[in-house]
1. Condition first: part of a loop (DSSP other than H, G, I, E, B) and among the hydroxyl-bearing types (Ser, Thr, Tyr). Now tell me which residues in region 74-104 satisfy that.
2. Of the conditions (1) over 22 Å from residue 122 (Cβ atoms); (2) without any contact (Cβ under 8 Å) to a residue 40 or more places away in the chain; (3) exposed (fewer than 15 other Cβ atoms within 10 Å of the Cβ), residue 52 satisfies every one except a single condition; which number is it?
3. Condition first: touching a Cys at 6+ places or on another chain (Cβ under 9 Å), surrounded by 14 or more Cβ atoms within 10 Å (Cβ to Cβ) and not β-branched (Val, Ile, Thr). Can you find one or more residues in region 83-98 that meet it?
4. Which count do you get for residues in region 122-135 that are under 15 Å from residue 298 (Cβ atoms), touching a residue at least 12 places away in the same chain (Cβ under 8 Å) and either of a type in the set (D, E, K, R) or assigned by TED's automatic domain parsing to the domain that holds residue 210 (or both)?
5. Within region 291-337, count every residue that is on the phi < 0 side of the Ramachandran plot, of a type outside the set (D, E, K, R) and assigned to a loop (DSSP other than H, G, I, E, B).
6. When only residues in region 62-81 that are surrounded by 14 or more Cβ atoms within 10 Å (Cβ to Cβ), within 48 Å of the chain's Cα centre (by Cα) and of a type outside the set (D, E, K, R) count, which is modelled with the lowest pLDDT?
7. Identify, by number, the condition in (1) assigned to a loop (DSSP other than H, G, I, E, B); (2) within 22 Å of residue 353 (Cβ to Cβ) that residue 288 doesn't meet.
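The values are calculated or read from the model by the stated rules, or taken from the named source; none is laboratory data. None of these values were measured; they are calculated from a predicted model. Note that we place each Cβ from the backbone using ideal geometry, even for glycine, and neighbour counts take in every protein chain shown.
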Amino acid sequence: MTIEDIKRIISDDETKHLELKKTTGELKDGMHSACAFLNTEGGWLIFGIAPTSLKIVGQDVTESTRRELAQVLVGIEPAVDVSVEYVDVPDGKGKQLIAMYFDGWVRGMAPYTYHGRPYIRVESTTKVMPREMFEERLRESKPGKFAWDAQIAEGVAIDDLDEERIRNAVRLGIAGGRVNASAEGDTVESLLRKFNLLKDGRPTNAAVMLFAKNTDDFPQMLLRMACFDGIDKNVFIDNKQEKGNFFDLLDAGMAFCFRHLSLSGKIIGLRREEHLEIPAEALREALINALCHRQYDDPRTSVSLAIYDDRIEIMNPGRFPMGLTEESIMEPHDSYPTNLKIAQVLYQTTYSEKWGSGVKRMTDLCREQNLPYPCYRLGNGTVCIVFKKAQIETADGLIKDRKELTERQRIILEMVALDSSLSAKAMSEKMSEKMSEKMSEKDTVDVRTIERDLARLKKMGVLTREGGRKQGRWVILSE
């Protein structure tokens, strides 16, 4: 390296990739920046240049200087191999510059520390790495040791897990050829060991997430679901929360979609095929991804499912793996699971693949129904996948196409066609009986929900009311 090389490096003043110090009297501060370069995108640390004026002054470099430099570099952990350049200053009467380049991301996400503290580079400033970032990097660098799903679930015993859920998952794995058939006769403890869900003989957080009977002590095991009237969050049609393990939340989310999305069908050969307005398999894949890959460390966070007139949004706490963006995730890519233990069990039980192919499957399913491709949106610590509906709107912006009605709204029209004098209470009772054929017996449709649907049908111009509340009748305006 020559003095001309130094001049080129410092031409842009101090930047995200450059730290200048006048002398090695500032070695400690310099090592903070060196650690920050290692934890970000790399950079130069140069001694012998005035940071403000950029004047090349150099300094006397003695054997003591070299020893001191070697000693401070030992303070960076893990150990770093860095080449130190000594550059003569022209007409500097023997003075030299000391230049060192520190590569970034050498250990991937694993953080470096200087005397036990991690640092990062923010523009041209060196700062202590926030604790949350440090812990997240530890988890990503050594997921088997630090990841949330690999930790022991405090206060949880094997008996607190749902044996039926575990054995059903095993049967799916056997049917899919990913679990040995002999596993069906194993004890629950043996199955958990085979799924790698025990640590020191105790269930891990992954075991709780997948199979817990009760998740009250894990508030992040929550799915928030809402259906809105319109394209914003001003008016609720339905608002529900479900607590439970992975399978409970997946079932609840899919039931909510079937309840609020319209179903259409066509005759193919001798069979009638029915489809949700957004492919059910695509929604299921998105829900599985959200539940599997979300960040579980913060108990205040949860996955959400929101249905609007024009779209469906499924949002989870977390972020994309390093190197993936909203655009690149739509292209073929490797799988980078946030929760390795959970992802492995879902793969073994055929709920997911390990090839990063989920986005392509969702895209293909939407294309088959002539729908817009799903897209991703990154927020403040969240990842959201958006499915857009195929809608036909009238001039006043109201949806009148019958295929845009929810299943419940279609059932209301069927009931009204048979008996136009039905009250909302009577509709609620009949609806609960009818819906229970497709959903669990505990699900009921209350009067307020029916009244909201009736209001929506009137707003859409499909239904109207003639006469008073007691003596009037319902009239269908649109087929």
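1. 83 - this is the single residue of region 74-104 that is part of a loop (DSSP other than H, G, I, E, B) and among the hydroxyl-bearing types (Ser, Thr, Tyr).
2. So residue 52 meets the others, but not (1).
3. Within region 83-98, not a single residue is touching a Cys at 6+ places or on another chain (Cβ under 9 Å), surrounded by 14 or more Cβ atoms within 10 Å (Cβ to Cβ) and not β-branched (Val, Ile, Thr).
4. 1
5. Counting residues in region 291-337 that are on the phi < 0 side of the Ramachandran plot, of a type outside the set (D, E, K, R) and assigned to a loop (DSSP other than H, G, I, E, B) gives 16.
6. 80
7. Evaluating residue 288 over (1) assigned to a loop (DSSP other than H, G, I, E, B); (2) within 22 Å of residue 353 (Cβ to Cβ) leaves (1) as the failure.
Yes/no matrix, rows are residues, columns are (1) within 23 Å of the chain's Cα centre (by Cα); (2) in contact (Cβ under 8 Å) with a residue 24 or more places away in the chain:
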{"residue": "155", "(1), (2)": "no, yes"}
{"residue": "164", "(1), (2)": "no, no"}
{"residue": "180", "(1), (2)": "no, no"}
{"residue": "188", "(1), (2)": "no, yes"}
{"residue": "194", "(1), (2)": "no, no"}
{"residue": "200", "(1), (2)": "no, yes"}
{"residue": "217", "(1), (2)": "yes, yes"}
